[in-house]
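Everything below concerns the one structure shown next.
Every number in this text was worked out from the coordinates using simple rules, so none of it is lab data. The shown structure was predicted, so the numbers you read here are calculated from the model rather than taken from an experiment. Every residue, glycine among them, receives a Cβ derived from its backbone with ideal geometry; neighbour counts consider all protein chains shown.
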Amino acid sequence: MSIPNTAPTKPATLVRWATDVEKSVITANCEKRPGWVRGNIENDDWNFYWTSVFTTRSIFSLETGYRLADDQIISHFPNHYELTRKDHMVRNCKRYRKDLEREGNPLADKDEFGRYVYLDFLPQTYILPADYNIFVEEFRRNPSSTWIVKPAGKAQGIGIFLVNKISQIKKWSKDKAGSQQIPHTKDVYIISKYIPDPLLIGGKKFDLRMYVLVTSYTPLKAYVHTQGFCRFCTVKYTASLNELDNLFVHLTNVAIQKHGEEYNETHGGKWSIKNLRLFLEGTYGKRASDKCFDEIFWLIHHSLKAMQGVISTDRHCFELYGYDVIIDEALKPWLIEVNASPSLVTTTANDRMMKYDILNDMINIVIPPGEGVDTRVKRGPPKVLGGFEVLCDEEQRLLEAKQFERRDSRAGNKGKSVKRLSTWK
């Protein structure tokens, strides 16, 4: 008499995963999934590839002639830098507003001071060296203002400094390029009017890191995660000109703050988005808090809309962006920059759990549990969102609008406005 085999069956292989970013929050997420096994990059034996931006550039390079298969997806769009490189983001957002203005779209309305009423979410910014002369004219109109200079293609606070005199720019330009004029500087920088009145908590400046997943640009399909964090400076904020060079006062980057004497390794100088919302509700009221976050979602949405027709939509691609936002004391949010490779380094236990959860929820949307990769299949709205919320799903919104229109037509209500769904509002 034969004895039945009661050993658990091994799940069939659904996905071969690969990564060139060896961080525990991504490898642990892939390893724990039933039917997922590690693939081989050298043999092109993979379906899901969490890549660096450098690998993505190589994959989509015309020189390599690489062609992704129907069962392969990667974690960046081909020209993601249109959003994630500082100068490109500014240029594209400005073009988007101008295009709407030319179309007569009310979204591009301006007030009596020439400011955009609905799309004023970028600090006044110029690209150097191209906009140097325009910047000088603006500076002379407001000679007491402070400006922040950033390299267009660098991260983690590298190369950033503050200025409040034209002479400082000229000296920097001379030191940088051996020239008296900024136009001779080879590297591209952006210079933005410094936000002089940031919202402070405990007397310290902070910014927000929001995680946004985009699975398609045309139509736009984007999701924002409810988890995220605030990054605090270690030294109390002061607008004193004597402290312009003190990066521990002005820059929230962990890569900088962790070298400060007041840095706390237990909480890493971070606060959860949930705690921030509780603080805002307790201090300013729930309506003010909700309005602030609605405006954050609004600026994220329109920064992505600005990339439609610019960033190449590819069915093999998705991207998890790290949005950096500063809130001023009037609770107005400002978009600072967007990161293509938000750090997966974990500095605290809470940090590790948060990033693990975000990546887990991201994978569940990109490759639903129990399924493999087939870019030929047109999927509907995600069945499992986890901690993500729909920011915008243009395809589903159009479908729902048509359904409402048909329903209203049958009910004799044709002509009534159609309620737009599949957005955060």
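Helices assigned as whole DSSP H runs in the chain whose Cα atoms extend at least 15 Å along their own long axis and whose mean Kyte-Doolittle hydropathy is 0.0 or higher are found at 273-284. The Rg/Rh ratio for the chain, using Cα coordinates for both the radius of gyration and the Kirkwood hydrodynamic radius, is 1.00. Of Lys98/Lys305; Lys23/Lys383; Lys32/Lys270; Lys150/Lys170; Lys23/Lys204; Lys86/Lys305, which ones are farther than 22 Å apart at the Cα? Going by Cα-Cα distance, Lys23/Lys383; Lys32/Lys270; Lys23/Lys204 fall outside the 22 Å limit. Length gained on full extension, Asp175 to Asp374: 66.3 nm, using 0.36 nm per residue less the C-alpha separation. Counting 0.36 nm for each residue step from Ile134 to Asn246 and taking away their Cα separation leaves a gain of 37.5 nm.
Stretched out straight at 0.36 nm per residue, the stretch from Thr348 to Val310 would grow longer than its current Cα-Cα span by 9.9 nm. Neighbour counts of other Cβ atoms within 10 Å put Leu122, Leu199 in the fewest-to-most order Leu122, Leu199. If R0 is 30 Å, what FRET efficiency do you get for Lys291 and Asp197 from their C-beta distance, rounded to 0.05? With a Förster radius of 30 Å, E is 0.95. Dividing the Cα radius of gyration of segment 198-394 by 2.2 N^0.38 Å, with N the residue count, gives 1.10. A Cα-only calculation for segment 71-123 places Rg and Dmax at 14.9, 54 Å. Anisotropy class assigned to segment 111-242 is prolate, per the alpha carbon gyration tensor with a/c at or over the 1.5 cut-off and a/b larger than b/c. As a calculated quantity, the FRET efficiency between Glu262 and Ser24 at R0 = 45 Å, using C-beta atoms, amounts to about 0.95. Listing Lys355, Lys171 from fewest to most neighbouring C-beta atoms within 10 Å gives Lys171, Lys355. Kirkwood analysis of segment 1-142, using all unique Cα-Cα pairs, places the hydrodynamic radius at 20.2 Å.
As a rough footprinting exposure proxy, the listed residues Ile41, Ile191 were ranked by other beta carbons within 10 Å of their own, and the order from fewest upward is Ile41, Ile191. Taking chymotrypsin sites (Phe, Trp or Tyr not before Pro) as exposed when DSSP calls them loop and at most 13 other C-beta atoms lie within 10 angstrom, the chain has its longest site-free stretch at 114-425.
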